[in-house]
Each structure stands twice: as C-alpha cells, then as structure tokens.
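J.: The structure follows.
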Amino acid sequence: MILVTGANGQMGRSLRKILPQDKVIYTDIAELDISVYDAVEKMIRENGVSTVINAAGYTAVDSAEKNMDQAYAVNALGARNLAMASAKHNCGMIQLSTDYIFDGNNFKPYTENDKPHPLSVYGQTKLEGELFVLKNAPQCVVLRTSWLYSEFGTNFVKTIISLAKKQEEIKVIYDQIGSPTYAGDFAAIIEGMIPVVKNGVKKIYNFANEGVCSWYGFAREIVSLKGLKCEVLPIESQEYPASAQRPHYSVLSKAKIKREFGIKIAYWRDALQAAIGRIDAD
C-alpha cells in the first residue's frame, strides 16, 4: 500500500490522477497530522504501507516567515516523523523538495551535489526535511523541483490568468530566473520512483520542465496562450516587497535523472501549452 500525504494539494491531487486508486491511501491534515509521530506510525502500521510519498508541505513562502513553528512542524518535523516511522516498518519514502533550498548565487544550474543555502524559512525548513529523511529513512528518494503549477489549488499560472482577465496591465518580476514545472509531469516522475526506493537506496534527484525563464517571461507566455489582451510589464524584485527573500537564479540541473533513467523532459512552454486548457482560474 502507498501512503500519500498532502493529498489535497497540487501534487496530491495530481497523483490521484495517475496512481492506482486501490493501492493508495490519500491523507491530508484532516486524516493525518504528520507533525504527530504516533499518528504517523499508527497509519503506516495499520495499513501495511510499503511506500510513503510525502507531498505535504507548508508552501506559503511569505507566510512562513511569520509562522516559523507551523512551517517547521510540517516541512521538517513531519518529514522526520514519516522517515522514522518508515524506518520502523521498513518502508520506502519519496520526499518532495524545492529549488528554494538554494540561495540563487550560482551562474549555472544547480546539481544534486551543490551545497544548499536557503534564504527563507520555507527553504530552510524544506532543507531540514530533506536531511531528516536522508538520515532516518531506510530507503528514500528526495525529489527537488521548481515553480510548480497545475489545474489544482492556487498557483502562479491561475493567479496570472485571473488578474489578466480583470486588469489592463500587470507587473511581474523579471530578475528571478527558474524553470516552471507542470505538476502532472512531476507526478509521472514520482510514480516512476516508487520501485526505486528499496534495498537501502538513498538518492537525490532534480526535476523540472526543460528550459528557463523569468517570472515575467512565464507570465507573458500564460497571457499569450490564453489569448488575453492584458499587458505584462517587467519589474525588479525590489519593486515588489515580500517577507521572504527568493533566489534570483534557481535553475535545477536535470542531467542526473535524465542520465540514470533515460527520460525525455518536456520544454516548459510545451508543457504549459498542454496544461493550459485544464487550468481554470475563474
């Protein structure tokens, strides 16, 4: 049996579309509080769980700066509890992580071996979650990704569509560079990792759609694909004050995952075009 946490989030709902329903237990906070070890251990024990996919996360990046305890409880402590319970019952574990564990001072894509240096509470707590999993889980894969969007929940793509329908112009940051990633594509990678997490394996992989852009470039493509007449204007990060500091460059190298699994990854514009019809911001 597979346990998916964070089942009501973007990744949880994307995984629902591809994983076999009769072999998966989907939980969110109402069914399982991952910050409570006893609840986690009981869930794994009573349901004969063999693989844990931790898609739970406190992902409100700015809010995390003011709610550090809550962010830590989910992103770090929750990951630790899942890893420790996985160790007790010899489960495999897939831990989802983020490009925000890096500071953005690189001038080339980040590899799995580059030293993390998070700038925000969100990034720091996600990094601590990674470390807890790698230390405690008997077999695990940490999957890092970036700039996730989907037809589910709140995300950048849906926000831009909503704003562009209401306003003649919107201003979007152009000096932060990364790789947009469609959650459906990421879900397929997660599914492929399930048979990998066995026999003491401990691996880290990066995954994102191919290519790079700024948030501004991303927004322009969204507006164009939706055929909206809103003008997108570029601004610098300093013109858009935020509680949390973001990395200016957080492109992830996919060389390792492509080499080891022989996969081809969709270009971000192609992935967005394929996904845009399923995304409704109304």
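J.: Test Asp103 against the criterion of being among the acidic types (Asp, Glu) and either part of a loop (DSSP other than H, G, I, E, B) or within 16 Å of the chain's Cα centre (by Cα) (or both), and give yes or no.
T.: The answer is yes for Asp103.
J.: Residues in the stretch 134-145: is at least one touching a Ser or Thr at 6+ places or on another chain (Cβ under 6 Å), of a type in the set (A, V, I, L, M), open to solvent by less than 50 Å² (accessible area, probe 1.4 Å) and not in a helix (DSSP H, G or I)?
T.: yes
J.: Given the conditions (1) assigned to a helix (DSSP H, G or I); (2) open to solvent by 50 Å² or more (accessible area, probe 1.4 Å); (3) touching a helix residue (DSSP H, G or I) at 6+ places or on another chain (Cβ under 6 Å), report the number of the one that Ser243 does not fulfil.
T.: Of everything listed in (1) assigned to a helix (DSSP H, G or I); (2) open to solvent by 50 Å² or more (accessible area, probe 1.4 Å); (3) touching a helix residue (DSSP H, G or I) at 6+ places or on another chain (Cβ under 6 Å), Ser243 misses just condition (1).
J.: Is it the case that the stretch 65-81 has a residue that's without any contact (Cβ under 8 Å) to a residue 40 or more places away in the chain, basic (Lys, Arg) and more than 27 Å from Ala188 (Cβ to Cβ)?
T.: No, there is no match, as no residue in the stretch 65-81 is without any contact (Cβ under 8 Å) to a residue 40 or more places away in the chain, basic (Lys, Arg) and more than 27 Å from Ala188 (Cβ to Cβ).
J.: If you don't mind, there's one more thing I want to ask. Output the number of the condition that Arg269 fails; it satisfies all remaining conditions of (1) touching a strand residue (DSSP E or B) at 6+ places or on another chain (Cβ under 7 Å); (2) of a type outside the set (A, V, I, L, M, F, W, C); (3) at pLDDT 95 or above.
T.: Of the numbered conditions (1) touching a strand residue (DSSP E or B) at 6+ places or on another chain (Cβ under 7 Å); (2) of a type outside the set (A, V, I, L, M, F, W, C); (3) at pLDDT 95 or above, the odd one out for Arg269 is (1).
J.: Further, regarding this structure: Given the residues Glu169, Glu112, Glu191, which is the only one that is surrounded by fewer than 19 Cβ atoms within 10 Å (Cβ to Cβ), of a type in the set (D, E, K, R) and touching a helix residue (DSSP H, G or I) at 6+ places or on another chain (Cβ under 7 Å)?
T.: It is Glu112.
J.: Would it be correct to say that Leu15 is assigned to a helix (DSSP H, G or I) and aliphatic (A, V, I, L, M)?
T.: Criteria met by Leu15.
Residue-by-condition table, conditions (1) open to solvent by less than 20 Å² (accessible area, probe 1.4 Å); (2) part of a loop (DSSP other than H, G, I, E, B); (3) among the hydroxyl-bearing types (Ser, Thr, Tyr):
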position: Ile29; (1), (2), (3): no, yes, no
position: Asp38; (1), (2), (3): no, no, no
position: Val52; (1), (2), (3): yes, no, no
position: Glu65; (1), (2), (3): no, no, no
position: Asn90; (1), (2), (3): no, yes, no
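J.: So which residues in the stretch 177-205 are within 22 Å of Asp103 (Cα to Cα) and touching a Ser or Thr at 6+ places or on another chain (Cβ under 6 Å)?
T.: Across the stretch 177-205, the qualifying residues are Ile177, Gly178, Ser179, Thr181.
J.: Name the pairs: first residue in the stretch 246-265 and within 18 Å of Val142 (Cβ to Cβ) and of a type in the set (Gly, Ala, Ser), second residue assigned to a loop (DSSP other than H, G, I, E, B) and open to solvent by 60 Å² or more (accessible area, probe 1.4 Å), Cβ to Cβ under 9 Å, at least 6 apart or on different chains?
T.: What qualifies is Ser253/Lys108.
J.: Would you mind stating whether Tyr205 is at pLDDT 95 or above and either among the acidic types (Asp, Glu) or open to solvent by less than 60 Å² (accessible area, probe 1.4 Å) (or both)?
T.: Answer is yes for this residue.
The values are calculated or read from the model by the stated rules, or taken from the named source; none is laboratory data. This structure is a prediction, so every number in the text was calculated from the model and none was measured. FYI the Cβ positions are ideal-geometry reconstructions off the backbone, even for glycines, and counts take in every protein chain you see. What goes into the accessible areas is simple: the full protein's heavy atoms, side chains included, and nothing from ligands, DNA or RNA. Shrake-Rupley method; radii C 1.70, N 1.55, O 1.52, S 1.80 Å.
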